[in-house]
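Single-structure report; data block below.
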Amino acid sequence: MKQSINEHKFRDAFYKMGRGEQFSYAGLSALYDYLEQYEDDTGQEIELDVIALCCDFTEYDSLAEFREDYGEDYETIEDIQYDTSVIMIDEDSFIIQRF
């Protein structure tokens, strides 16, 4: 049995699992939009698994913060996109699918 959820319920699921601080408010919105678009593009429904999403995706406030984790080889967002999915939140912050 599957249940469709909206962005509000998506965000609430993170808080109910104690993961409300894993992503910013804007980050959760961007992740929700990304997953909705993925479902539309592929025709595959995604099961909401908060813990799996927290393990699979990481939010960064800046490229400099990302480079602390992944190294100096990444000079631009485009460099990161060669290796993984990037979900832009605003002009500086973004979410990546961990790799």
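Tabulated data for the structure shown
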| read-out | value |
| --- | --- |
| Where a residue in the range 16-29 is exposed (fewer than 15 other Cβ atoms within 10 Å of the Cβ) and its partner, wherever it lies, is of a type in the set (Lys, Arg), with Cβ under 8 Å and at least six apart | 25/11 |
| Verdict on residue 92 being open to solvent by 60 Å² or more (accessible area, probe 1.4 Å), over 13 Å from the mean Cα position of the chain (by Cα) and in contact (Cβ under 8 Å) with a residue 24 or more places away in the chain | yes |
| Of all residues making up the range 34-55, the number that are closer than 19 Å to residue 88 by Cα and not charged (D, E, K, R) | 7 |
| Matching residues in the range 70-88 - criterion: being in a loop (DSSP other than H, G, I, E, B), within 21 Å of residue 31 (Cα to Cα) and more than 12 Å from the chain's Cα centre (by Cα) | 76, 82, 83 |
| Filter result for residue 65 (assigned to a loop (DSSP other than H, G, I, E, B), open to solvent by 60 Å² or more (accessible area, probe 1.4 Å) and under 17 Å from residue 99 (Cβ atoms)) | no |
| Members of the range 1-20 found to be at pLDDT 95 or above and under 20 Å from residue 94 (Cβ atoms), listed by number | 7, 10, 11, 14, 19 |
| Filter result for the condition that a residue is in contact (Cβ under 8 Å) with a residue 12 or more places away in the chain and either on the phi > 0 side of the Ramachandran plot or basic (Lys, Arg) (or both), over 98, 67 | 98 |
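Residue by residue, here is whether (1) in contact with a Phe, Trp or Tyr (Cβ under 9 Å, 6 or more places away or on another chain); (2) under 19 Å from residue 96 (Cα atoms); (3) open to solvent by less than 80 Å² (accessible area, probe 1.4 Å); (4) part of a helix (DSSP H, G or I) holds:
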| residue | (1), (2), (3), (4) |
| --- | --- |
| 2 | no, no, no, no |
| 12 | no, no, yes, yes |
| 33 | no, yes, no, yes |
| 39 | no, yes, yes, yes |
| 51 | no, yes, yes, yes |
| 54 | yes, yes, yes, yes |
| 59 | yes, yes, yes, no |
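The values are calculated or read from the model by the stated rules, or taken from the named source; none is laboratory data. Remember, it's a predicted structure, so these values are computed and weren't measured experimentally. Backbone-built Cβ (ideal geometry, glycine too); neighbour counts: all protein chains shown. Heavy atoms of the whole protein, side chains included, go into the accessibility calculation; ligands, DNA and RNA do not. Shrake-Rupley method; radii C 1.70, N 1.55, O 1.52, S 1.80 Å.
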